[in-house]
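Note sheet for the following structure.
The values are calculated or read from the model by the stated rules, or taken from the named source; none is laboratory data. A quick note: this is a predicted structure, and the numbers were derived from the prediction, not measured. Note that each Cβ is placed from the backbone with ideal geometry, even for glycine, and that neighbours are counted across all protein chains shown.
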Amino acid sequence: MIKGFFPTDQFRSIQTPFYYYDVALLQETLEIVKSELLKYDYQLHYAVKANANPRILSIISESGMGADCVSGGEIQAALDAGFPASKIVFAGVGKADWEINLGLDNDIACFNVESLAELEVIQSLAKAKNKTAPIAFRANPNVDAHTHAKITTGLQENKFGINLGQLPGIIDKALAMTNIQFTGIHFHIGSQITDLSAFRNLCIRAEELQCDLETRGAKISSLNFGGGLGIDYHHPNHLSIPDFESYFTLFHKLIKARDGQQIHFELGRAIVGQCGSLISKVLYVKKGEDKQFAILDAGFTDLIRPAMYDAYHHPENITSEEPYETYDIVGPICESSDVFCKDTDINKVRRNDLIALRSAGAYSEVMASKYNCRALPKSYFSDLL
């Protein structure tokens, strides 16, 4: 099995656990994404929720992409990282007044609105500031993303978006509001989608909706298809960059852009997922009657995805070339769910070996916690070691 390259000599002097980011891979990924976007004049807003590390945000902002934010804190982080307000969109099913006001005060590009109640609050707050709020409605297309139940968002039973039957009436209300500028429709059906047929179904539903709204006299200036493109967690060394070409080509073939209409995307995981790894030290090798455990100093406080989503992060013993043995790789947290992977074959593990948990650039560092009074993991970058 091919391993990733890690500067293990430098790692020896760093307190574990920590996140390590391959900046060259991130920049290569950004360049490929940009080249595919240029083919069709598509726009992309990086989903800040995937990874809000300030250096990561700065690198992405320098690429010229926009930012997709789901909280006031993310809006501020994007602004601090250099994203222009004119390229920031604000989504989320529960926007607080102060968050909406932050967006209004900075004249962000768009609010992705998820309910009539939210629309009425934005109208009220915008009117108080004598401003016009650009909005798009998040439509719930009832499309199955064929992904984990906890990260699907486009089914009618989900809390997100406006059901298609309610959408025309809400658009009519928006068009009658004095401080609202209706711009278009927003979708997001889920995350870690590896079956492109889900996006094909989204395109078909979006075209049907667009045609229906046009017959009602609504002008759709922008279509925002959200994100959701997955990465290969099992083969991070062989498949380190997702198939962006097939992804964007699918939308180009199935979506008929109207004159002057902008097509937007909000990718996050697909951009940053493969560039990050969690580096942890082996505290103990515990041998049971039927199993042996590699007990790390990292736990679900540092990387919660396996405990929360049953997610897999490919483990590599980056300090051993000995033959493979089978381990349960676990953390030190006093919870039975603090397990990274079970019955996993990796190079023989000894105390103080360094283990890399791969594909940890998205929804990893950003979700770390201080449970058990543990310190948050620090981050290091390949070009600054």
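Of note:
- Of all residues in region 244-266, those satisfying the criterion of being under 20 Å from the mean Cα position of the chain (by Cα) and under 21 Å from ASP68 (Cα atoms) are PHE244, TYR247, PHE248, PHE251, ILE263, HIS264, PHE265, GLU266.
- Residue check, PHE300 touching a Ser or Thr at 6+ places or on another chain (Cβ under 7 Å), touching a residue at least 24 places away in the same chain (Cβ under 8 Å) and not acidic (Asp, Glu): yes
- Residue match in region 359-374 (condition: assigned by TED's automatic domain parsing to the domain that holds ARG305 and more than 19 Å from THR301 (Cβ to Cβ)): no
- Subset of region 1-30 (residues that are in a helix (DSSP H, G or I), under 20 Å from the mean Cα position of the chain (by Cα) and charged (D, E, K, R)): GLU28
- Here LEU385 clears all of (1) touching a Phe, Trp or Tyr at 6+ places or on another chain (Cβ under 9 Å); (2) surrounded by 13 or more Cβ atoms within 10 Å (Cβ to Cβ); (3) under 15 Å from TYR19 (Cβ atoms) except the condition numbered (2).
- Filtering region 31-55 to residues that are part of a helix (DSSP H, G or I) and more than 13 Å from the chain's Cα centre (by Cα) leaves GLU31, ILE32, VAL33, LYS34, SER35, GLU36, LEU37, LEU38, LYS39, TYR40, PRO54, ARG55.
- Candidates TYR312, TYR327, filtered to the one that is over 13 Å from PHE293 (Cβ atoms) and surrounded by 13 or more Cβ atoms within 10 Å (Cβ to Cβ): TYR312
- Test: residue in region 72-91 that is touching a residue at least 40 places away in the same chain (Cβ under 8 Å), more than 21 Å from ILE231 (Cβ to Cβ) and surrounded by fewer than 15 Cβ atoms within 10 Å (Cβ to Cβ): no
- Filtered residue count, region 327-375, keeping only those that are of a type in the set (Phe, Trp, Tyr) and in contact (Cβ under 8 Å) with a residue 60 or more places away in the chain: 2
- Comparison of ALA126, ALA133 shows that the only residue that is more than 24 Å from PHE225 (Cβ to Cβ), crowded, with 23+ Cβ neighbours inside 10 Å and in the same structural domain as ASN53 (by TED's automatic domain parsing) is ALA126.
- Among the candidates SER86, SER58, residue that is assigned by TED's automatic domain parsing to the domain that holds ASN224, in a helix (DSSP H, G or I), closer than 19 Å to PHE265 by Cβ and among the polar types (S, T, N, Q): SER86
- Filtering LEU283, LEU202 for residues that are in contact (Cβ under 8 Å) with a residue 60 or more places away in the chain and either among the hydroxyl-bearing types (Ser, Thr, Tyr) or surrounded by fewer than 24 Cβ atoms within 10 Å (Cβ to Cβ) (or both) leaves a single hit, LEU283.
- Filtered by the rule that a residue be within 24 Å of the chain's Cα centre (by Cα) and surrounded by 20 or more Cβ atoms within 10 Å (Cβ to Cβ), region 162-182 gives a lone residue, ILE162.
- Of the residues making up region 224-250, those that are assigned to a helix (DSSP H, G or I) and surrounded by 15 or more Cβ atoms within 10 Å (Cβ to Cβ) are PHE244, TYR247, PHE248, THR249, LEU250.
- ASP259, sole failed condition from (1) surrounded by fewer than 16 Cβ atoms within 10 Å (Cβ to Cβ); (2) among the acidic types (Asp, Glu); (3) touching a residue at least 40 places away in the same chain (Cβ under 8 Å): (3)
Yes/no matrix, rows are residues, columns are (1) over 21 Å from SER221 (Cβ atoms); (2) of a type outside the set (Ser, Thr, Tyr); (3) assigned to a loop (DSSP other than H, G, I, E, B):
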residue	(1), (2), (3)
GLU99	yes, yes, no
GLY103	no, yes, no
ILE108	no, yes, yes
ASN112	no, yes, no
LEU119	no, yes, no
SER124	yes, no, no
LYS127	yes, yes, no
ASN130	yes, yes, yes
PRO134	no, yes, no
